[in-house]
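First up is the structure itself, then whatever we jot down about it.
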Amino acid sequence: MPALNQSVEECLSATGPLAGDWPGYRVREEQVQLAVEVEKGLAEGLSMALEASTGTGKTLSYLLPALLSRRRVILSVGNLTLQDHLWLGEYQKLRTVLPQLRQLTVLKGCDNYFCHHRFQLAREGRLPGQGQTLVHQFWAELSAWLIQTRSGEIQTLPLAADQISELSAVVTLGADQCLGHRCSHFADCYFQKARQQAAQADLLLINHTLLLSDQRLFEKGMGALLPAVDCVIVDEAHQLPELLIRRNTETIEEYRLQRWIQAVRRQTNGHLALFPALPVLLSQLEKLWQLIRHQLQQQGLDQGVKTVAAGSFKPLEELLLRLREQLSGLHVSAVDLTRELRQLTQWIELLQQARGDESVLYCDLVEGQLKIVAARLQNPFTSLNSDAVAWIFLSATLTVDGCFEYFTRSLELSGLQTRRYHSAMDYEQRAMLWVPADLPLPSAEDFFEAWTSRLLHLAQQLDGGILALFSSHQALQASLPLMQECSGRTVLVYEPGVNRHRLLQQFRQQANSILLATGSFWEGIDVQGAALRCVAIDKLPFAAPDDVVSLAWKYKAGLEQSSVFSDYMVPHAVTRLRQGVGRLLRATDDCGLVMLGDRRVLKKTYGIRFLQSLPPMPLTESEAEVAAFLSRMGITRKGASNEFFSTEKN
């Protein structure tokens, strides 16, 4: 029977094609129910938010209905890694079992494709830095690849990941730098070819960066980025509230401005003979910024976010324009100021666009530092050029306090059907949450030393890998020296610039290693079995008060007359904590411990909101109960002593 004549339920049944031909496939009732719900949404044009916990089989539950449907559909996933995983993994498996399924087309951002124009500039030595040297270094590989490649995706270069990353900066361009129709290589542009294919696709796979793209491509006369469709299915939809703010918010921050001035002075030292006005302009900028801050404080800035007409910043804009004129001359004649000019241009464009739109700018004072914010929160749904698009949002963590209110309010959504699908994982029997009884609060000076010490003692007892998730890079660095000195295990560290995929492979392969990480490792990683037996989290993952997201919440809460802490900061932190905890059990036979170092979860009134949102696993403060759990699960390290557990206070 042709696949298109079968229902989702038939395909996923015990007598269906997947059960017969998909290695290791087993029928999961939650997966079937979720897939049928997605199928219904596609068929009837319904918009819905569906929470499907780890173990449900979420990816197959929306991919199969989309492939079987006759409607035009966009699938959006959280990032490039997940995009590649879906394309190379589940999709290829399904096509093997059901070859009649329709084609899935992939579109990525502009900077993922080889740029002929950029390559020409580098080849001719017209790029600053080491562009020409890099092109010559990899000339043989580039030449052979250009003959063979059809997609032009830079990640398909036959080079090591770090080499691709280095070369990518030379032979790719971001959408804001693309020349569009003015480019002499437009007809051969790989990105344009990918967009043309996407425009004709019935089923298109993108990532959230593309989904939330602003209007810069329209302004270049390049047409709509995404085609008109009947339905958009968004996986990892819990990311949207924060991503929407970050994609549409630009800032001029005092500390960045100060660092920029210092960098310009350092870079231009010794090259000012022909540009004597530059030092004067930099001093004027410092004085003008101080004056702006002082005037805003007099107008009540200390009491919260203040809105200011963009035209009020015209003197700042004019001064920045004069600075750009000076720096451009220096850049051409004497010194490479590419980075400094790029930052300056971003600030100028922020002020010019806000003034041109006759909009307001939001000003805030964080720890005595002034921040100017331009928030242009555009509705991401309008980029689809359709007034009748159904939206299906999926994630393992869409609810807070048992409901979808935070998610729908953050995106200003209404009329969504909602449903939760509970996990097939047995958290009650195979997991435990431990909040050590003797830890100080995170605000204490000795917190990180105490938390690291408890984690090190646990590492001596536990058989299996440990993923330590930190609230910030600063927190990670505070614990790193002690971990490296005393753990007796291989310590892996995720830092900016480190290859994420390679680090995860090391973690999986090196038994009993400890991986210290921040940021993206809180979600989207899948490590099964003995390689991961403990997820250790230092603090409740509240956003920093000076983060642009916090500032946006503060302004939004003021408009709504709601609480920025209770209505935004806590729900966001709850969602992030749920993602971190979700790294533990990835298969039904997994087991392990969650160690949370933040006792506010037990002492503060808002703590119950975190606990009630986590999977239903036993909570303990007792080290003895932890020891008993490890023993029962068979994950106590051989030769481990009981000294760790004898330190428990009575």
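Every number here is computed from the coordinates shown, using simple stated rules; none is lab data. This is a predicted model, so every value here is computed, not measured. All Cβ positions, even for glycine, are placed from backbone atoms using ideal geometry, and neighbour counts span all protein chains on display.
Things worth noting here:
- From largest to smallest, the equivalent ellipsoid semi-axes obtained for the range 281-326 from the alpha-carbon gyration tensor read 23, 12, 6 Å.
- Long pairs among K371/K554; K371/K603; K371/K604; K58/K93, criterion Cα-Cα beyond 24 Å: K371/K603; K371/K604
- Share antiparallel - DSSP beta bridges, the chain, percent rounded to 5: 25 percent
- A straight Cα-to-Cα reach below 13 Å connects K314 with the aspartates and glutamates E349, E358, residues fewer than 8 places away in its own chain not being considered.
- Rounded, prolate or oblate (a/c below 1.5 giving rounded, otherwise prolate when a/b exceeds b/c) for the range 21-95 by Cα gyration tensor: rounded
- Burial order of peptide ranges 40-49, 22-31 (average beta-carbon count within 10 Å, highest first): 40-49, 22-31
- Within the range 305-369, the proportion of C-alpha pairs whose separation exceeds 16 Å stands at 54%.
- Of the peptides 615-621, 437-443, the order by per-residue mean of other Cβ atoms within 10 Å, starting with the highest, comes out as 615-621, 437-443.
- Rg(Cα)/(2.2 N^0.38 Å) for the range 249-405, N = residue count: 1.34
- Inter-centroid distance (Cα atoms) of the range 68-112 relative to the range 12-46, Å: 17 Å
- Cα-based reach from K193 at 25 Å (exclusive), listing lysines while leaving out same-chain residues under 8 positions away: K108, K220
- Shape of the range 114-187, Cα gyration tensor, a/c cut at 1.5: oblate
- When you filter the trypsin sites (Lys or Arg not before Pro) in the range 512-568 for DSSP loop state and at most 14 other Cβ atoms inside 10 Å of their Cβ, nothing is left.
- Centroid-to-centroid separation of the range 175-216 and the range 230-253 [C-alpha atoms, Å]: 19 Å
- For the range 1-154, the relative contact order comes to 20 percent (Cα pairs under 8 Å, sequence separation of at least 6).
- For the chain, averaging the sequence separation of C-alpha pairs within contact (under 8 Å, six or more residues apart) and dividing by the residue count gives a relative contact order of 16 percent.
- Descending Cα extents along the principal axes, the chain, whole Å: 76, 68, 55
- The range 418-553 shape via C-alpha gyration tensor axes, a/c threshold 1.5: rounded
- For the range 385-474, the set of GluC sites (Glu not before Pro) satisfying both a DSSP loop assignment and a count of at most 14 other C-beta atoms within 10 Å is given as E412, E445.
- Span from the the range 563-638 Cα centroid across to the the range 506-530 one, whole angstrom: 17 Å
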